[in-house]
Structures are given as structure tokens and as C-alpha cells.
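The values are calculated or read from the model by the stated rules, or taken from the named source; none is laboratory data. Everything quoted here is computed from the prediction, not taken from an experiment. With ideal geometry, Cβ positions are generated from the backbone for all residues, glycine too; neighbour counts draw on all protein chains shown. The area values use the complete protein model at the heavy-atom level, side chains included, leaving out ligands, DNA and RNA. Shrake-Rupley method; radii C 1.70, N 1.55, O 1.52, S 1.80 Å.
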Amino acid sequence: SDAVSEDADFFAQGLDSLGAYRMFSRIMRNLDLGPNASEVPGNVCFEYPNIRTLATYLYALRTGTAHTKRSELDEMQALIDRYGTFSEQVVAEPGLPRVVLLTGATGSLGAHIVGALLQIPEVEKIICLNRGEDPQARTTKSLRARGLDVASERIVSFSADLTRPDFGLDPSVLAGVNLVIHNAWSVNFNMGVTSFENHIQGARNLLDFSFRSNARFFFVSSVSAAVRSGSVVRESHLRHLTDAQQMGYARSKLVAERLCHNAHLAGLDARVLRVGQIVGDTRQGQWNATEAIPLMIRSAVSMGALPKLNDTLNWLPIDVVARVVAELCHSREHRDVYHVVNPKSFNWSADLLPMLRNAGLDFEPVTPQEWLERLASSDPDPAVNPTIKLLEFFKTKNAVSHRGPAVKFETDTTERERQTLRT
């Protein structure tokens, strides 16, 4: 195989959480790191995600020399500086969606967005940009797995590289696009913000394409990008890089939001959709098993325990989220930011845990700290115990313990425009 550059990000090269765990195990087994070996964290490959930074850290640990790492906030600003400058341009009114370019159609939300767009007669074509070979088959497989229409002739798929300005495609295949929905993003809560650079670069290229094509641009962001901005989060752009949750995923979403805001100031109709926690659809109840909440709930089986949390939850079924996204994209109203979250809430301990028990799960409710201790001492093999993959996230990202007051996300703008969210 081709040699990997010393600066190439491990995760951009295809490393996953299981591979990162195996790398950590080999480092601890094969390298003599001296008396400081115990300081190596289990997520070391996420903290130092390329050969150069990892080697520098391990050498400093072995020799006892000083080592400093650039802060995540500095990394965020560097990415904004690199990808977030746009020259002012005159862009014609895109009009209502006719030809839609969608990324992330092979994921759960993307597949449901395709299904929702097919319900809009004016949408003539949905162009899905996928990674890898046989893109049409991958889109079809994703739709079929979720019980959605796979026979529509309005769906076409291409294999694309979003890090290239032309996506590696002949420009003719994207002719007529007047709506871009950027939904593809790595859902990995362990990676640092620099490991999302390929995604941020892809967002920039899609924004540039939208300028060239006179297309409206929608970015599917996350409430995690704004959760630290105050007790009430407005449907507006954020002022501070510290507004994002303290994990690379949330920070990368905020960086991309900044790109959208800067593109909007330069003349593009660019909008942000901050999506809250998504649960299974209303028909089949399918929920992505690799997400944090399903992995936490899975610990009821693997560990026989769930944490007692005082969390206020405003989850939405995935097909409902998709309908809201499609409706907003079809709206003539121009807003900068929308919150696609449930206006109605419920409580983790008072409501969800009893529901899980009534559904047949047998578990012991324990304090968040005890749950973390049990998780830390559980089977370390992610293939057997997948919840262990997010141990560092649950420990260090305030995902379980030391939570502050509930944050309210305003939905007034979204509710005013979209009937689905009001029902």
C-alpha cells in the first residue's frame, strides 16, 4: 500500500474507533515509554491524530521533555481563517427547489431527507453525492433498509470527493442544481476538531459551488454547536467559539456554521439547520446504533445499569426531522438559522427510564459517577462492548456528570414556518 504522510490524519485515512483502540494497545505493548507510560490516555490517537504529532508526544513523554499542544479553540480559528473568507458576489434568487444536490444520503437522516423531498412534486431530481464505488447501489441500499422508495427515477447518485473543488465530477452532471443540502458529516465524538478538516473543506467547496450555481445552501448542523452559548439559545448565528460543546464534532459544526455566515455576508442564501437529538422513525423505530444515546442504553444489557440523569429531552423522530428539513428548504422565507428540535420535552429519569423498563429492559438505575466507574471497569474490547468506545467522551465531555441547567433552544422561527414542528 502507499505510504501515509506524517501529517495525514488517521481518521481521514479510514481509521475507526476499533482501530484507534488497537493502535493504543500496540503502543502500550511494544514501546518503552519509561516511568510516564501510565499517562498515555486510551484516546491518544484521537488527541494526536497523525504520525508527526503522535510521535512528538510519545518522544516527549519518554524523555520527560516539555510538550505543548495547540488548543482546540486555536485550531478552530485556524480552520475558519483557512476556509472562511469569501469575496462579495451577486447571486440571483434561486427560486423554489427543482434540482437538489444532497450529501450524506447513505446515512439515516440523509435517506429520510430523500424520502421527504420525493413528496414535493416540484422537485425534479435529487442528486446524491456519495463516497466509494457503486454510488447508486449504496443509495438504494440505504433507502431500502429504512423502508423508503427506491424506485424513483428522480434519484441519481455519483461517487464524489468533496475535498476537490469540482468534486471529481464532470460539471454537466450537476447542471441545474438550485438547492444544496450538506448533510454528510462524521459522527465521531472522540475525534479532535482538526480531524474534521476534510469535512470543513468539503463544506467550503459546496459553498463555492452554490455561489457558481445560484443555489440556496442549507447546512445540517447540530445543537451541540451552540449548547454553551447561554440558557436560551436563539435561532441566530453564534458570536463565540466557546459556544460549542467541548468536543471536536461540535466544534467542527460551529466552524462550518461560521463558513455559512461568512458566505451569507458575501451574498449567498446560506442557512443553518441546528438539529437536536434524533431518535428512530415513527414507522419502524430504527435508530443508529453507533450514536451516543443508543450506546448508553445498550449498557443496560452489557452492564445491567443505566445512569440516573436529570436531563430534559426534546428528541424528534428521524422522519419528522427530514420532513421539517424538506419543508424549510422549500420555504420562500429567508432565515439564517433554524432549530429543528422538539418544542415539547420530557425527563430522562422520570419518563425515559420507566418507559425502557416497561419495554422489557432489566437494569439497575445508578448515579452517573457509578455508571462511569462500571463502564471504565467493563470489557475493554469494543467489538464485544461497543459502549466502551465512548468512555472518554462520557468522562471528559460532561456527557454524563456535572451537567448544568437545561438549555432551551428557541424554535419560534421554525415553528412559524413549518406546520410539521407545530403538530
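Which members of region 256-300 meet the condition of being of a type in the set (S, T, N, Q) and open to solvent by 50 Å² or more (accessible area, probe 1.4 Å)?
Gln277, Thr282, Gln284, Gln286, Asn288, Thr290
Quick grid of which residues meet (1) under 13 Å from Leu101 (Cβ atoms); (2) more than 18 Å from the chain's Cα centre (by Cα):
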{"site": "Leu174", "(1), (2)": "yes, yes"}
{"site": "Asn188", "(1), (2)": "no, no"}
{"site": "Phe196", "(1), (2)": "no, no"}
{"site": "Ser221", "(1), (2)": "no, no"}
{"site": "Arg239", "(1), (2)": "no, yes"}
{"site": "Leu254", "(1), (2)": "no, no"}
{"site": "Arg258", "(1), (2)": "no, no"}
{"site": "Val275", "(1), (2)": "no, no"}
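Taking region 88-105 as the search range and keeping residues that are under 17 Å from Leu206 (Cβ atoms) and at pLDDT below 95, which one is surrounded by the fewest Cβ atoms within 10 Å (Cβ to Cβ)?
Gln89
Residue by residue through region 343-363, note down the ones that are farther than 16 Å from Leu316 by Cα and either among the small types (Gly, Ala, Ser) or surrounded by 13 or more Cβ atoms within 10 Å (Cβ to Cβ) (or both).
Residues satisfying the conditions are Ser349, Ala350, Leu353, Leu356, Arg357, Ala359, Gly360, Leu361, Phe363.
Among the strands (runs of 3 or more DSSP E) lying completely within region 173-280, list those that include at least 1 residues that are aromatic (Phe, Trp, Tyr).
Here the list reads 216-222.
I need the full set of residues from region 150-165 which are modelled with pLDDT under 95 and either surrounded by 15 or more Cβ atoms within 10 Å (Cβ to Cβ) or touching a Leu at 6+ places or on another chain (Cβ under 6 Å) (or both), in order please.
Matches in region 150-165: Val150, Ser152.
When you look at Arg82, is it under 23 Å from Glu392 (Cα atoms), part of a helix (DSSP H, G or I), free of Cβ contacts under 8 Å to residues at least 12 places away in the same chain and open to solvent by 70 Å² or more (accessible area, probe 1.4 Å), yes or no?
Answer is no for this residue.
For region 166-187: of the residues being farther than 21 Å from Pro94 by Cα and modelled with pLDDT of 95 or more, which is surrounded by the fewest Cβ atoms within 10 Å (Cβ to Cβ)?
Asp170
Determine the pairs where a residue that is free of Cβ contacts under 8 Å to residues at least 40 places away in the same chain and within 24 Å of Leu118 (Cα to Cα), located within region 156-175, has a partner that is assigned to a helix (DSSP H, G or I) and open to solvent by 60 Å² or more (accessible area, probe 1.4 Å) with Cβ atoms under 9 Å apart, the partner being 6 or more residues away or on another chain.
As it stands, the answer is Val156/Gln136; Phe158/Gln136; Ser159/Arg138, since those pairs meet every condition given.
Can you find even one residue in region 379-389 that is farther than 28 Å from Ala226 by Cβ, of a type outside the set (Ser, Thr, Tyr), more than 26 Å from the chain's Cα centre (by Cα) and modelled with pLDDT of 70 or more?
yes
Take region 145-170 and flag every residue that is more than 16 Å from Arg131 (Cβ to Cβ), in contact with a strand residue (DSSP E or B) (Cβ under 6 Å, 6 or more places away or on another chain) and part of a loop (DSSP other than H, G, I, E, B).
The one that is more than 16 Å from Arg131 (Cβ to Cβ), in contact with a strand residue (DSSP E or B) (Cβ under 6 Å, 6 or more places away or on another chain) and part of a loop (DSSP other than H, G, I, E, B): Arg154.
Give the residue that is least open to solvent (accessible area, probe 1.4 Å), with candidates limited to residues of region 106-125 that are part of a loop (DSSP other than H, G, I, E, B) and of a type in the set (Val, Ile, Thr).
Residues of region 106-125 part of a loop (DSSP other than H, G, I, E, B): 106-107, 118-124.
Now drop any that are not of a type in the set (Val, Ile, Thr), which leaves 106, 120, 123.
Numbers: Thr106: 48, Ile120: 24, Val123: 2 Å².
Ranking the candidates gives Val123 first.
Could you tell me whether region 60-71 includes any residue that is in contact with a His (Cβ under 8 Å, 6 or more places away or on another chain), over 30 Å from Asp269 (Cα atoms) and open to solvent by less than 50 Å² (accessible area, probe 1.4 Å)?
There is at least one residue in region 60-71 that is in contact with a His (Cβ under 8 Å, 6 or more places away or on another chain), over 30 Å from Asp269 (Cα atoms) and open to solvent by less than 50 Å² (accessible area, probe 1.4 Å).
Quick one: Cys128 ticks every box in (1) closer than 22 Å to Asp161 by Cα; (2) open to solvent by 20 Å² or more (accessible area, probe 1.4 Å); (3) touching a Phe, Trp or Tyr at 6+ places or on another chain (Cβ under 9 Å) except a single one, so which number is it?
Of the numbered conditions (1) closer than 22 Å to Asp161 by Cα; (2) open to solvent by 20 Å² or more (accessible area, probe 1.4 Å); (3) touching a Phe, Trp or Tyr at 6+ places or on another chain (Cβ under 9 Å), the odd one out for Cys128 is (2).
Out of all the residues in region 5-50, which are without any contact (Cβ under 8 Å) to a residue 60 or more places away in the chain, of a type in the set (Ser, Thr, Tyr) and open to solvent by less than 40 Å² (accessible area, probe 1.4 Å)?
Ser25, Tyr48, listed by residue number.
In region 22-76, what residues are of a type in the set (Gly, Ala, Ser) and not in a loop (DSSP other than H, G, I, E, B)?
Ser25, Gly34, Ala37, Ser38, Ala55, Ala60
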